[in-house]
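Below you'll find the structure, written out as structure tokens, and then a few comments.
Taken together, the values in this text are just the output of simple stated rules run on the coordinates, not laboratory data. None of the values given here were measured: they were computed from a predicted structure. Methodologically, a virtual Cβ is constructed for each residue, glycine included, from the backbone with ideal geometry; neighbour enumeration extends over all protein chains shown.
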């Protein structure tokens, strides 16, 4: 089998394992009392970072499955957050070629804007459906914490797992330029 195909499938398997690890640590009962702050959504940050840097590692069905599993495990309305993250990830993937030559600061701003938009859409749909979206302050804290955690997620993805942006001359496994 081609080494490029093996690498892509290996990274997809790594994405699944990291998703399960993130969910495992998120579900650990570390504090019995209610929290006054919300932790960052590392899974969304990872999906977006990988979608911007290496879109072939996170195909749409893999992202949808991971986010739906997260919805079910974290007791969110099944599918709502998943659809928003999938749509945002696909939008970021479509911009990957343009993002390739930009600075990290612009990538971070794009991430922040995308996260803010999908969070507003999520809360709006929840209110329209007369579901309790949670406190506004906790949502704001989670968005800010996720935006602040994004550079760390990108750094870990790059240095530990080798998820880097494709260079302008890189070729895919069929010999086409990326």
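What is the helix-to-structure angle for 60-73, meaning the angle in degrees between its Cα long axis and the longest Cα principal axis of the chain, kept from 0 to 90 and rounded to the nearest 10? Compared with the principal axis, the helix lies near 20 degrees. The modelled label-to-label distance for the pair residue 3/residue 124, using points 7 Å beyond Cα in the direction of Cβ, is 4.8 nm.
To the nearest ten degrees, helix 42-53 and the longest principal axis of the Cα atoms of the chain are 30 degrees apart. Starting from the Kirkwood radius over alpha-carbon pairs of segment 35-77, derive D by Stokes-Einstein at 4 °C in a medium of 1.567 mPa s and give it in µm² s⁻¹. Taking Rh from Cα pairs, D becomes 113 µm²/s. Peptides 55-66, 39-50, 80-91, 137-148 ordered by packing proxy, namely the average of other Cβ atoms within 10 Å per residue, highest first: 39-50, 80-91, 55-66, 137-148.
Taking 0.36 nm per residue of separation and subtracting the current Cα-Cα distance, fully stretching the chain between residue 80 and residue 139 would add 19.7 nm. By definition, a body whose alpha carbon gyration tensor gives a ≥ b ≥ c is oblate when a/c is 1.5 or more and a/b is not larger than b/c, and segment 44-126 fits this oblate description. Calculation over all alpha carbon pairs of the chain in 5 angstrom steps from 0 returns a P(r) of 1, 7, 16, 21, 21, 15, 9, 5, 3, 1, 0, 0 percent.
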